[in-house]
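Asker: Got a structure for you, questions after.
The values are calculated or read from the model by the stated rules, or taken from the named source; none is laboratory data. What you see is a predicted model; the values in this text were computed from it and never measured. Don't worry about glycine lacking a Cβ; one is built from the backbone with ideal geometry, like all the others, and counts go over all protein chains shown. What goes into the accessible areas is simple: the full protein's heavy atoms, side chains included, and nothing from ligands, DNA or RNA. Shrake-Rupley method; radii C 1.70, N 1.55, O 1.52, S 1.80 Å.
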Amino acid sequence: MSVDAVLSRISEIQGQIDALRTGSIDTTSSAGSASTESSTAFADALATANGSGTGATGAAGASGLTAAAGLAGTTPATSVDAGKGTIATGSGATGADVVADAKKYLGVPYVFGGTTTAGMDCSGLVQTVFKDLGVTMPRVVPDQAKMGVAVGSLKDAQPGDLIVPKGEQHIVIYVGDGKVLHAPRPGKDVRIVDNWYSDADIATIRRIVPSAQDAARTAAVGSAGAGTAGSGTAGSGTDLQTAALMALMQSGSAA
């Protein structure tokens, strides 16, 4: 169906709905009955988009509305435990929180096996920071390097991501602007330095919790979805009417 035909169909059905509301359509004739059925189906699909639809049309149109109108209302699985191939969202922490918490430990001396302000090593620092944020992480680098999801390269790294060099003998926290925070070695303390790793040096970059950028994008999508699913504004109503018509078209009701 062409765009012009779609727009014409929208106008036609909206007119039929308005006529039904004012009682000016003769629903006793066969033509009027067909119009009524079409308009009722459209109204049912529209109600489904608003979250109040019931009946066969409402049930059948839900998936079509989601695809056509982009109403992403699903909530990702949440967890406070770091896991392989998944982002831990249960604590609500973001990569920005990881960086902010890690900065609390600047100046803490390096102590092999340490996990407290009396001293900590590189993986002890990482585990402690995530523990502060309510996220459970393994203790040693090789296990930490398996958590979260892989980030393709340094250009894609976001604050709070973990960088593990080849050999998996060290781990650092990316803080942004080409800098990392880490516990270096005996005789040194927790500090922020320029990142000295290149992509060729790196075994993996891991994102354990959502980056601040990802979290903001998810929140924006959620707000947009809530606004579209609501029924208080003219713009929202227009979007819902279009979505409802598209749902009808997919099910063959608007052929």
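Asker: How many of the residues making up region 133-152 are touching a helix residue (DSSP H, G or I) at 6+ places or on another chain (Cβ under 6 Å) and open to solvent by 20 Å² or more (accessible area, probe 1.4 Å)?
Answerer: Adding up the residues that qualify gives 4.
Asker: Quick test for you: out of Phe130, Phe112, pick the one residue that is open to solvent by less than 20 Å² (accessible area, probe 1.4 Å) and at pLDDT 95 or above.
Answerer: After applying the criteria, what remains is Phe130.
Asker: Right, here's the next one. Taking the conditions exactly as written (basic (Lys, Arg) and under 12 Å from Gln144 (Cα atoms)), does Arg191 satisfy them or not?
Answerer: Working: basic (Lys, Arg): yes; under 12 Å from Gln144 (Cα atoms): no.
In short, no.
Asker: Is one or more of the residues making up region 171-181 closer than 25 Å to Thr89 by Cα, open to solvent by 50 Å² or more (accessible area, probe 1.4 Å) and of a type in the set (Gly, Ala, Ser)?
Answerer: no
Asker: Going by the conditions given, is Val193 touching a Leu at 6+ places or on another chain (Cβ under 6 Å) and either of a type in the set (Gly, Ala, Ser) or part of a strand (DSSP E or B) (or both)? Talk me through it step by step, then tell me what you get.
Answerer: Details: touching a Leu at 6+ places or on another chain (Cβ under 6 Å): no; either of a type in the set (Gly, Ala, Ser) or part of a strand (DSSP E or B) (or both): yes.
Answer is no for this residue.
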